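Colleague: Quick one: the structure is below, and I'll ask about it shortly.
Values quoted throughout were computed directly from the atomic coordinates according to the rules given, and no laboratory measurement underlies them. Note that the structure is a prediction, hence the values are computed from the model and not measured. Neighbour counts are summed over all protein chains in view; Cβ atoms, including those assigned to glycine, are modelled from backbone coordinates with ideal geometry.
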Amino acid sequence: MAAATAIAGLPNVWVAAFGTDGSDGPTDAAGAVVSGTTLGTAARRGVDVRRGLLRHDTYPLLKALNAHILTGPTGTNVNDLYLLLVL
């Protein structure tokens, strides 16, 4: 969600962050994908991004936005990956 604030309003820009083991901490999500439109979508859906970031708890926000990457356990733990895509 912090990346979403950095790229807010930029067309055709996405950031993905995920763990190759299929898990991000104690959650079922491997990570998430956000774009330049994520904050606008959050505002329209009544999702309080600022509060989630301040509480260091963005799982519910990303879930409400359908932004999670859900893979289940992958059986490998190569690394955490962060990707920036600009078209």
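Colleague: Using 7 Å Cα-to-Cβ label points, what is the Thr20/Leu85 separation (nm, one decimal)?
Modeller: Roughly 1.9 nm, to one decimal.
Colleague: Based on DSSP H runs of at least 4 residues, each adding -39500 (n - 2.57), what is the mean residue ellipticity at 222 nm of the chain after dividing by all its residues, to the nearest 500 deg cm²/dmol?
Modeller: Working: 4 runs with 25 residues, N = 87.
Roughly -6500 deg cm²/dmol at 222 nm, from the helical runs in the chain.
Colleague: Charges on Cβ only, +1 for Lys and Arg, -1 for Asp and Glu, centred on the Cα centroid of the chain; of Val47, Trp14, Thr74, which one is farthest towards the dipole's positive end?
Modeller: Val47
Colleague: As an exercise, identify the trypsin sites (Lys or Arg not before Pro) in the range 1-82 lying in DSSP coil whose Cβ has no more than 13 other Cβ atoms within 10 Å. Mind dumping the intermediate values first?
Modeller: Numbers: sites: Arg44, Arg45, Arg50, Arg51, Arg55, Lys63; in loops: Arg45, Arg55.
Within the range 1-82, the qualifying trypsin sites (Lys or Arg not before Pro) (loop, at most 13 other Cβ atoms within 10 Å) are Arg45, Arg55.
Colleague: Now, a different point. Can you tell which of Ala42, Ala29, Ala67 shows the greatest fluctuation in a Gaussian network model of the chain with Cα springs below 10 Å?
Modeller: For the chain, modelled as a Gaussian network with Cα springs under 10 Å, the answer is Ala42.
Colleague: Using 0.36 nm per residue, how much length does the chain from Asp48 to Leu10 gain when fully extended, once their Cα-Cα distance is taken away? Mind dumping the intermediate values first?
Modeller: Numbers: separation 38, 0.36 × 38 = 13.68 nm, distance 2.01 nm.
Extra length from Asp48 to Leu10 when fully extended: 11.7 nm.
Colleague: Ok, one more. Report the Stokes-Einstein translational diffusion coefficient (µm² s⁻¹, integer) for the chain, Rh taken as the Kirkwood radius over Cα pairs, at 37 °C with viscosity 0.692 mPa s. Intermediate results must be reported in sequence, preceding the final value.
Modeller: Numbers: Rh = 13.2 Å.
After rounding, the answer is 248 µm²/s.
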